[in-house]
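Inspection log for the structure reproduced underneath, given as structure tokens.
The values are calculated or read from the model by the stated rules, or taken from the named source; none is laboratory data. Since we're looking at a predicted model, the values are computed, not measured. Cβ: placed from backbone, ideal geometry, glycine included. Neighbour counts: every protein chain shown.
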């Protein structure tokens, strides 16, 4: 019997080189088989699954693998910058079995309260307001001025976040995903902000997701509620921001979309689906740990060893096997939403937010084009996400003053903004 192969030296998934060209890193890793060693931060190694079938097998195998990181975490320095993303918290992401089901039910039932048609209207309203702030200038950074700001406005509505705390929450989430110096401080500040919100809603319930979570039959205590909320926020904001940004970049640079901004055949939905295949905003995640020493796709794994799934690498590897390239825009077999029992519960709201955001922007700024060469664009470093630093564009200035006045009047007519996108 041939003994299981031994892995090569780990390849770094942090720093500007990986951020600039992750696919070349994935190709090098794939040369070593379905799993290959990577370095997430100095001194922090993992095995990255780059093969589609191996990824599906891992994501669905709850008997061989656990989501609980505590055994692995005990071997990691407390100040490691990846811990805000990977360390244990009492949430659906880091639990199995009945505990996972309890947390997951609370999240699913709360998200189900969001009415899609009301959410779409709310996103369109916010999008119009944000576009109106820069439309007359003829140029914009669509990340800073649009893609990053729009999801947080939705969170302000869903969770009843005071407007003054919204930037604090965004910075906390971004700091986590960057997984660099200051990540632990960023996550701690996010937790502190949400803890204050939960304490307030425990005393004074309102019509928002925090109050619904506290009232859910799962009987979450305050800390459990805080952790589910920070999970929803972190999984919902940064990836949605990056999905909007990556899809807009795709439409601005892919020749097939050349006329789409003028009402062409290629749609925002197609752009989003292609990005989810080719350049998913959450590129590498889904941490799993073997419950015992085991062989998996030809490699010997140690109990408690960290494995991550590369959604980006697995998707692209799967597509190269197919004879029909149209699968990228028509199929939904990609792993960008993960798979198995931990599949993303917020897929539909996230898609609706991203699609509405892109449709609103392209309908208003139909001649937008990149303001810099593609080669000048920069990507945020970090092992987990695929995220543009900036997306500078230029376009014919548009006077949206009248529309902005109308929107302000509509907003002033309702003081119940916290209930806008949630049904009772």
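Here the condition is being out of contact with any strand residue (DSSP E or B) (no Cβ under 7 Å at 6 or more places or on another chain) and closer than 21 Å to residue 188 by Cα; of 112, 106, 74, it holds for 74 alone.
Residues in the stretch 121-159 that are under 14 Å from residue 245 (Cβ atoms) and out of contact with any helix residue (DSSP H, G or I) (no Cβ under 7 Å at 6 or more places or on another chain) were compared, and the one that is surrounded by the fewest Cβ atoms within 10 Å (Cβ to Cβ) is 144.
Checked against the criterion of being under 24 Å from the mean Cα position of the chain (by Cα), assigned to a loop (DSSP other than H, G, I, E, B) and on the phi < 0 side of the Ramachandran plot, the stretch 22-33 has no qualifying residue. Here residue 17 clears all of (1) touching a strand residue (DSSP E or B) at 6+ places or on another chain (Cβ under 8 Å); (2) surrounded by fewer than 14 Cβ atoms within 10 Å (Cβ to Cβ) except the condition numbered (1). Whenever a residue of the stretch 194-215 is on the phi > 0 side of the Ramachandran plot and part of a helix (DSSP H, G or I), it has no partner that is surrounded by 20 or more Cβ atoms within 10 Å (Cβ to Cβ) and modelled with pLDDT of 95 or more lying with C-beta atoms less than 8 angstrom away and at least six residues away or across chains.
Looking at this structure, is residue 393 over 30 Å from residue 80 (Cα atoms), touching a helix residue (DSSP H, G or I) at 6+ places or on another chain (Cβ under 9 Å), buried (at least 16 other Cβ atoms within 10 Å of the Cβ) and modelled with pLDDT under 55?
no
When 101, 54, 71, 106 are checked against the criterion of being touching a residue at least 60 places away in the same chain (Cβ under 8 Å), surrounded by fewer than 19 Cβ atoms within 10 Å (Cβ to Cβ) and in a helix (DSSP H, G or I), 71 stands alone in meeting it. Restricting 418, 423 to those that are surrounded by fewer than 16 Cβ atoms within 10 Å (Cβ to Cβ) and either modelled with pLDDT under 90 or in a loop (DSSP other than H, G, I, E, B) (or both) reduces the list to 423.
Scanning the stretch 211-221 finds no residues that are under 21 Å from the mean Cα position of the chain (by Cα) and surrounded by 23 or more Cβ atoms within 10 Å (Cβ to Cβ).
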